[in-house]
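Before any comments, here is the structure.
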Amino acid sequence: MSNVLLIGNGAREHVIAETILRSRHNPVIFSYMKSNNPGIAALSEKILIGDYNDLKGIKKFSRDCNIDFAVIGPEDPLNNGVVDSLREMDIPCVGPTKSLSRLETSKSFTRELLQKYNIPGNPAFKIFSSMEGIDDFLGELGEIVIKPDGLTGGKGVRVQGDHFHTKDEALQYCREILEEHPYVVIDEKLEGEEFSLQCLCDGKTVIATPPVQDHKRRFIDDKGPNTGGMGSYSCEDHSLPFMNLGDAAEGLKITQKVAEAIHKETGEYYRGVMYGGFIITKDGVRLLEYNARFGDPEAMNILPLLKTDFIDICNAIIEGTLDNLNIEFEKKATVCKYVVPKGYGLPEDHPDAKSTSDKIEVDNVKDAKLYYSSVDNREDGLYMTTSRAIGVVGIAGDVEKAERMAELAVSSIKGPVDHRPDIGTKPLIEKRIDHMKEIKEAERVNKNAK
Ligand code: GLY
């Protein structure tokens, strides 16, 4: 029997909890959450609600619960050094130390790591600690992406054409970043289709899980502001319809090299999840960013398909024996849709913007899976708490069936909610395929003209 500490309170941690409990080792879950997720609470022996920066509180809870190892869901506790703290008590973790989680928390660290160890995948980029040289660099590039160096809850990255248009606006945003952060990273803007590759890593061996495509924009047809992710899909052949055979392999190769490089750089083995956000461009696969954890929603696509015992995987990550494990996933398609408050992501002056904390009712979701995220289970019922509320997942033999299953589940959640009906549908997936074809065709024409 294993006593597992699970840190986190989102839908990602709800699916992690469910996956832990499928183990043949009869694990028991003790959950440390920022707010009470009823789905996780129902699967836990004991819960404690507290801040992710209360490392003393987390240590005491772990001692009281006789924890064998911990699984860390979100980036904030990683960035606060929870793994380092638990290690002081000889509690091993699935999740990197504070230093290694710089892979996610410091965009400059990751870009420089790839550059120093000659790992392919970086776009043209430069890191600045002052405004000196930024103007000249902007003159060298076409469109750009500006990133603060540090955690910003997914809100810091600004893309030219979407969030700003002119050079003056770019310079102004760089100035604002440098007032709060030590560095600003400027990347060349890449055009292509994105995929998430969540890799399991014990520091030496890196194993890819099936690729997933997330949908960050709030509204149908990829309109509106960026969100944490409105939903995602994966395919039964463990590829994505716009990918070539080698694309996921390329992402894995980059991640394997990064695992080796980060060990050389720090002397520490990275034990946890290395989730690469990749983009397939006219020149091949490029790295947008790494996250030091499972994706949310992407964890909901891959973990329900996992055939291998998750506790065996956690032990192998901790002991450095992932190379001995055959990790398998069911050959099924998945479509995840997030149900959100109607006002989620809307500008403050929008008439619906206030409706983010209303009551909802969940009927029978039939064959779909349901994972709670930002909800509050009060005496008089279930309330949303401003952010993404519930993830529903359809799992079937193909994406079309999985999408229908997810849609049916969405319709069983009643209240002032919204979701993206287009995620996982044929027209949207065909748009992705056509986009990729156009990019490759333009490159072919361009090369022939030279
Ligand atoms: N799906 C985006 C993230 O987990 O950061």
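The values are calculated or read from the model by the stated rules, or taken from the named source; none is laboratory data. These figures come from a predicted structure and were not determined experimentally. Backbone-built Cβ (ideal geometry, glycine too); neighbour counts: all protein chains shown. To get the accessible areas, we keep the full protein, side chains included, count just its heavy atoms, and leave off ligands, DNA and RNA. Shrake-Rupley method; radii C 1.70, N 1.55, O 1.52, S 1.80 Å.
Just the residues that are over 24 Å from Tyr338 (Cβ atoms) and either within 14 Å of the ligand (Cβ to nearest atom) or not β-branched (Val, Ile, Thr) (or both), please, taken from segment 273-305.
Lys282, Asp283, Gly284, Arg286, Leu287
Taking the condition touching a strand residue (DSSP E or B) at 6+ places or on another chain (Cβ under 9 Å) and either charged (D, E, K, R) or within 30 Å of Pro77 (Cβ to Cβ) (or both), does Gly133 pass?
Numbers: touching a strand residue (DSSP E or B) at 6+ places or on another chain (Cβ under 9 Å): yes; either charged (D, E, K, R) or within 30 Å of Pro77 (Cβ to Cβ) (or both): no.
So Gly133 does not fit the description; no.
If you take the residues of segment 191-212 that are more than 16 Å from the ligand (Cβ to nearest atom) and in a loop (DSSP other than H, G, I, E, B), which of them is surrounded by the most Cβ atoms within 10 Å (Cβ to Cβ)?
Asp202
Filter segment 286-334 for residues that are more than 19 Å from Tyr275 (Cα to Cα) and open to solvent by less than 10 Å² (accessible area, probe 1.4 Å) and give the result.
Once the filter is applied, which keeps residues that are more than 19 Å from Tyr275 (Cα to Cα) and open to solvent by less than 10 Å² (accessible area, probe 1.4 Å), segment 286-334 yields Ile311, Ala333.
Sort out for me the helices (runs of 4 or more DSSP H) sitting completely within segment 1-64 that have 2 or more residues that are surrounded by fewer than 17 Cβ atoms within 10 Å (Cβ to Cβ).
Values: elements: 11-21, 38-43, 55-64.
So the answer is 38-43, 55-64.
State yes or no: is Phe329 more than 16 Å from the ligand (Cβ to nearest atom) and of a type in the set (Phe, Trp, Tyr)? Break it down stepwise before answering.
On the way: more than 16 Å from the ligand (Cβ to nearest atom): yes; of a type in the set (Phe, Trp, Tyr): yes.
It is true that Phe329 is more than 16 Å from the ligand (Cβ to nearest atom) and of a type in the set (Phe, Trp, Tyr).
Report yes if Phe137 is open to solvent by less than 40 Å² (accessible area, probe 1.4 Å), over 30 Å from His435 (Cβ atoms) and either in contact (Cβ under 8 Å) with a residue 40 or more places away in the chain or touching a helix residue (DSSP H, G or I) at 6+ places or on another chain (Cβ under 6 Å) (or both), otherwise no.
So Phe137 does not fit the description; no.
So in segment 151-183, with the set limited to residues that are out of contact with any Asp or Glu (no Cβ under 7 Å at 6 or more places or on another chain), within 16 Å of the ligand (Cβ to nearest atom) and among the aliphatic types (A, V, I, L, M), which one is nearest to Thr105 (Cα to Cα)? Full working, then the answer.
Of the residues in segment 151-183, the ones out of contact with any Asp or Glu (no Cβ under 7 Å at 6 or more places or on another chain) are 152-159, 162-170, 172-180.
Still in the running and within 16 Å of the ligand (Cβ to nearest atom): 152-157, 159.
Right, trim to among the aliphatic types (A, V, I, L, M) and you get 157, 159.
Numbers: Val157: 13, Val159: 19 Å.
Ranking the qualifying residues of segment 151-183, first place goes to Val157.
For segment 213-235, name all the residues that are within 13 Å of the ligand (Cβ to nearest atom), charged (D, E, K, R) and either open to solvent by less than 10 Å² (accessible area, probe 1.4 Å) or not in a loop (DSSP other than H, G, I, E, B) (or both).
Within segment 213-235, Asp214, Arg217 meet the criteria.
Residue by residue through segment 178-236, note down the ones that are out of contact with any strand residue (DSSP E or B) (no Cβ under 6 Å at 6 or more places or on another chain) and under 21 Å from Ile327 (Cβ atoms).
Listed by number, the residues that qualify are Asp202, Gly203, Lys204, Thr205.
Before we move on, is Gly246 at positive phi and more than 14 Å from the ligand (Cβ to nearest atom)?
Details: at positive phi: no; more than 14 Å from the ligand (Cβ to nearest atom): yes.
Spelling it out, it is not the case that Gly246 is at positive phi and more than 14 Å from the ligand (Cβ to nearest atom).
Is it fair to say Pro120 is surrounded by fewer than 18 Cβ atoms within 10 Å (Cβ to Cβ), under 26 Å from the mean Cα position of the chain (by Cα) and closer than 20 Å to Val15 by Cβ? Working first, answer last.
On the way: surrounded by fewer than 18 Cβ atoms within 10 Å (Cβ to Cβ): yes; under 26 Å from the mean Cα position of the chain (by Cα): yes; closer than 20 Å to Val15 by Cβ: no.
Spelling it out, it is not the case that Pro120 is surrounded by fewer than 18 Cβ atoms within 10 Å (Cβ to Cβ), under 26 Å from the mean Cα position of the chain (by Cα) and closer than 20 Å to Val15 by Cβ.
Any residue in segment 80-102 that is open to solvent by less than 40 Å² (accessible area, probe 1.4 Å) and within 30 Å of Asp283 (Cα to Cα)?
yes
Among (1) of a type outside the set (Asp, Glu); (2) part of a loop (DSSP other than H, G, I, E, B); (3) without any contact (Cβ under 8 Å) to a residue 60 or more places away in the chain, there is one condition Phe109 misses while meeting the rest; what is its number?
That leaves (2) as the condition not met.
So which pairs qualify, if the first residue must be in segment 410-422 and charged (D, E, K, R), the second must be assigned to a loop (DSSP other than H, G, I, E, B) and surrounded by 15 or more Cβ atoms within 10 Å (Cβ to Cβ), the Cβ gap must be under 6 Å, and the two must be at least 6 apart or on different chains?
Hits for this filter: Asp418/Lys342; Arg420/Met230.
Looking at segment 138-150, can you tell me whether even one residue there is within 16 Å of the ligand (Cβ to nearest atom), outside any strand (DSSP E or B) and farther than 30 Å from His238 by Cβ?
yes
Keeping to segment 410-450, report how many residues are modelled with pLDDT of 95 or more, assigned to a loop (DSSP other than H, G, I, E, B) and surrounded by fewer than 18 Cβ atoms within 10 Å (Cβ to Cβ).
Going through segment 410-450 one residue at a time, the tally reaches 3.
Kindly indicate which of Glu169, Glu179, Glu143, Glu188 is surrounded by 13 or more Cβ atoms within 10 Å (Cβ to Cβ) and over 26 Å from the mean Cα position of the chain (by Cα). Before the answer, list the steps.
Values: Glu179 fails: surrounded by 13 or more Cβ atoms within 10 Å (Cβ to Cβ); Glu143 fails: over 26 Å from the mean Cα position of the chain (by Cα); Glu188 fails: over 26 Å from the mean Cα position of the chain (by Cα).
Exactly one of Glu169, Glu179, Glu143, Glu188 is surrounded by 13 or more Cβ atoms within 10 Å (Cβ to Cβ) and over 26 Å from the mean Cα position of the chain (by Cα), namely Glu169.
Please work out which one of (1) open to solvent by 20 Å² or more (accessible area, probe 1.4 Å); (2) more than 16 Å from the ligand (Cβ to nearest atom); (3) touching a strand residue (DSSP E or B) at 6+ places or on another chain (Cβ under 7 Å) is the condition Gly267 fails and give its number.
Condition not satisfied by Gly267: (3).
Just for segment 8-19: of the residues that are within 16 Å of the ligand (Cβ to nearest atom) and among the hydrophobic types (A, V, I, L, M, F, W, C), which one is farthest from Cys65 (Cα to Cα)? Outline the logic, then answer.
Quick first cut of segment 8-19, residues within 16 Å of the ligand (Cβ to nearest atom) only: 8-16.
Now narrow it down to the ones that are among the hydrophobic types (A, V, I, L, M, F, W, C): 11, 15-16.
Numbers: Ala11: 23, Val15: 22, Ile16: 19 Å.
The extreme case among them is Ala11.
Of all the strands (runs of 3 or more DSSP E) wholly in segment 275-393, which have at least 1 residues that are of a type in the set (Lys, Arg)? Give the derivation first.
Details: elements: 284-291, 333-341, 359-362, 369-372, 375-378, 381-384.
Once the strands (runs of 3 or more DSSP E) in segment 275-393 are filtered for at least 1 residues that are of a type in the set (Lys, Arg), what remains is 284-291, 333-341, 359-362, 369-372, 375-378.
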